[in-house]
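Data block below; observations after.
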Amino acid sequence: MIKNNELLLEICKISLLAGDEILQIYNDKIEVVQKKDLSPLTKADIASNRIILRSLEVIDNSIPVLSEESLINWNERKKWNKYWLVDPLDGTKEFIKKNGEFTVNIALIENNKPILGVIYVPTKSTLYFAQQNFGSFKINITSELKNLDGAKKIFVSNQKIIQRVIGSRSHSNQDFDEWVKNNFPNSLIVQAGSSYKFCLIAEGSADIYPRFGPTSEWDIAAGHIIVNEAGGKVRTFDNTDIKYNTKEDLLNPHFYAIGKFKI
């Protein structure tokens, strides 16, 4: 287990605080407004964002933060070498539908790559986390998180044949359907929402997650390192690495997360 890693433990605790706040709103009537890009926004997004930003500032106010709900101008952030990348409520559509598959995502980016990542699934009380060169871990939260000693190391699937393909619960499209039909016609489609899809790859519960719909950098950064440290990889369909904060827009190319398979 990871010993004496105070930073990772603190980020895990922050994700739990944000998750607890989200659940309080989740269990009440959910009010929804639309952002300029027509994506949904709830009080839970805003409350979680507030908690995470305040908490990260307390830890180290010299590290800037880029969040889905607190955007930073490209002229400022292009100077960054190290920063926090946050999605305070990933899977807002799942949150609104009340199917439980939403997450809190916090990642630390350095030199355009994630070096630490935490994903918390509040409705499952399950926390996934990883740090560069330390591996990926999972822990079920049953009480106050005082340390990370109870976490279990997780690994991607070691099967030789891809049999389980993750499909996005709210963002499936024709490109996905055709790609699966052409490449893995006999596969089982595993429906899942939010960054939880990366966790299923990392723990070996699914084999590949191809994504053809639009995503932003905060959607995938924490999942990216969790899959990497579990022995898998996240790549574009051009077989290149995904790099963060290299351009003005924050959209990702189409990509796939995969276990120890070659495609």
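The values are calculated or read from the model by the stated rules, or taken from the named source; none is laboratory data. All values derive from a computational prediction rather than experimental measurement. With ideal geometry, Cβ positions are generated from the backbone for all residues, glycine too; neighbour counts draw on all protein chains shown.
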Test for ASP175: is it in a helix (DSSP H, G or I) and of a type in the set (D, E, K, R): yes
In the range 242-263, the residues that are part of a loop (DSSP other than H, G, I, E, B) and either closer than 23 Å to ASN133 by Cα or in contact with a strand residue (DSSP E or B) (Cβ under 6 Å, 6 or more places away or on another chain) (or both): ILE242, LYS243, TYR244, ASN245, LEU250, PRO253, GLY259, LYS260, PHE261, LYS262
Meets criteria (more than 14 Å from the chain's Cα centre (by Cα) and among the aromatic types (Phe, Trp, Tyr)) for PHE212: yes
Meets criteria (among the aromatic types (Phe, Trp, Tyr) and under 12 Å from the mean Cα position of the chain (by Cα)) for PHE95: no
Options ASN239, ASN147, ASN228: the member that is closer than 24 Å to ALA130 by Cα, in a loop (DSSP other than H, G, I, E, B) and touching a residue at least 40 places away in the same chain (Cβ under 8 Å): ASN147
Condition met for THR103 (buried (at least 16 other Cβ atoms within 10 Å of the Cβ), out of contact with any strand residue (DSSP E or B) (no Cβ under 7 Å at 6 or more places or on another chain) and among the hydroxyl-bearing types (Ser, Thr, Tyr)): no
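For every residue, the table says whether it meets (1) surrounded by fewer than 16 Cβ atoms within 10 Å (Cβ to Cβ); (2) charged (D, E, K, R); (3) not in a helix (DSSP H, G or I).
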{"residue": "LEU16", "(1), (2), (3)": "no, no, no"}
{"residue": "GLY19", "(1), (2), (3)": "no, no, no"}
{"residue": "LYS29", "(1), (2), (3)": "yes, yes, yes"}
{"residue": "LEU41", "(1), (2), (3)": "no, no, yes"}
{"residue": "SER55", "(1), (2), (3)": "no, no, no"}
{"residue": "SER62", "(1), (2), (3)": "yes, no, yes"}
Some residue of the range 119-131 being modelled with pLDDT of 95 or more, over 13 Å from the mean Cα position of the chain (by Cα), outside any strand (DSSP E or B) and over 25 Å from GLN24 (Cβ atoms): no
Residue pairs meeting the criteria (Cβ under 8 Å; at least 6 apart or on separate chains; first assigned by TED's automatic domain parsing to the domain that holds GLY213 and at negative phi, in the range 178-191; second in a loop (DSSP other than H, G, I, E, B) and basic (Lys, Arg)): GLN191/ARG169
Output for the range 151-168, where each listed residue is surrounded by 14 or more Cβ atoms within 10 Å (Cβ to Cβ) and either part of a loop (DSSP other than H, G, I, E, B) or at pLDDT below 95 (or both): ALA151, PHE155, VAL156, SER157, ILE162, GLN163, GLY167, SER168
